[in-house]
1. Regarding the range 68-202, what whole-number volume in Å³ per residue does the convex hull of its Cα atoms give?
2. For the range 68-118, build the convex hull from the C-alpha positions and give me its volume per residue in Å³.
3. Starting from one equal scatterer on each C-alpha and no solvent at all, send me the Debye-based log10 I(q)/I(0) for the range 136-202 at q = 0.25 Å⁻¹, two decimals.
4. Order these peptides, 58-69, 160-171, by their mean beta-carbon neighbour count within 10 angstrom, highest first.
5. Just want the ordering: 111, 187, from fewest to most Cβ atoms lying within 10 Å of their own Cβ.
6. Run through all the Cα pairs of the range 80-159 and give the fraction in each 5 Å bin from 0, expressed as whole percent.
7. Students often check this: by mean Cβ neighbours within 10 Å, which of 73-85, 136-148, 45-57 ranks highest, and how do the rest follow?
8. Taking the number of other C-beta atoms within 10 Å as the exposure measure, put 126, 193 in order starting with the fewest.
C-alpha cells in the first residue's frame, strides 16, 4: 500500500471546517488540539471541481487567557444535530472548489464546549499545496431545518452563540490520505489534526 501523504486541497477543506484559530495579535483568546475526520462528496481528485463535505472532531487540551474558558469540546460541520427533545435537524454542509493541489471552501461550524456553551462560526479558506489560509468569524446564531418533522413538531431550530460572540478565528491543520487516490477514485474521507483557536483584540 502507498504511504500516506498530505494533499493541499484536502488540507484547505479541513482547515476551514473547524474555523477555530487564534488570530494574530489577539489580546484575548485561546487554542485547542483538534482531531477529527472529514467526508467529501464527490471525492476529491486531481481533476478538480465542486464538492461538499461534513466534518466532526474533538477539541482537547484547550488553553486560554480568558478566565473560566472550557478546556475541551467538539466541532461539527454538516452533521445531524439532535435536540434535547430527540428531534433531529440538519446542519449545513460546507462547500468548496478545487483539486488535490489547491482549493477554496466556505461553511458554518458548530462548536459545542464542555461546559454546555455553543459557538457558531462562519468561515472561508484558500490553499496552495500544503498551506491553507483560514479566516472565521463568530456569528450570533444559525437556523437548522428539521429532518422529516412529524405533525406539530418544529420545522426548524435556531442555535445561538453563547460563548466568544464576535470573536475571530484561524487555524493550522494537517491531514493524511493515500496520494494515489487523487489520481484514481478520489479522496472520500481524511483524518484531520492540528491546533485551532479563537480570540479578539478589544
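1. 131
2. Normalising the Cα hull of the range 68-118 by residue number yields 106 Å³.
3. -1.01
4. Per-residue Cβ counts within 10 Å, averaged per peptide and sorted highest first, yield 160-171, 58-69.
5. 187, 111
6. Pairs per bin, as whole percents: 3, 13, 19, 19, 15, 13, 10, 5, 2, 1.
7. Details: 73-85: 16.9, 136-148: 15.2, 45-57: 18.5.
Packing proxy ranking, top to bottom: 45-57, 73-85, 136-148.
8. Going from sparsest to densest Cβ surroundings: 193, 126.
Bear in mind these aren't lab numbers, they're just calculated from the coordinates by the rules spelled out. Quick caveat: nothing in here was measured; it's all calculated off a predicted structure. Methodologically, a virtual Cβ is constructed for each residue, glycine included, from the backbone with ideal geometry; neighbour enumeration extends over all protein chains shown.
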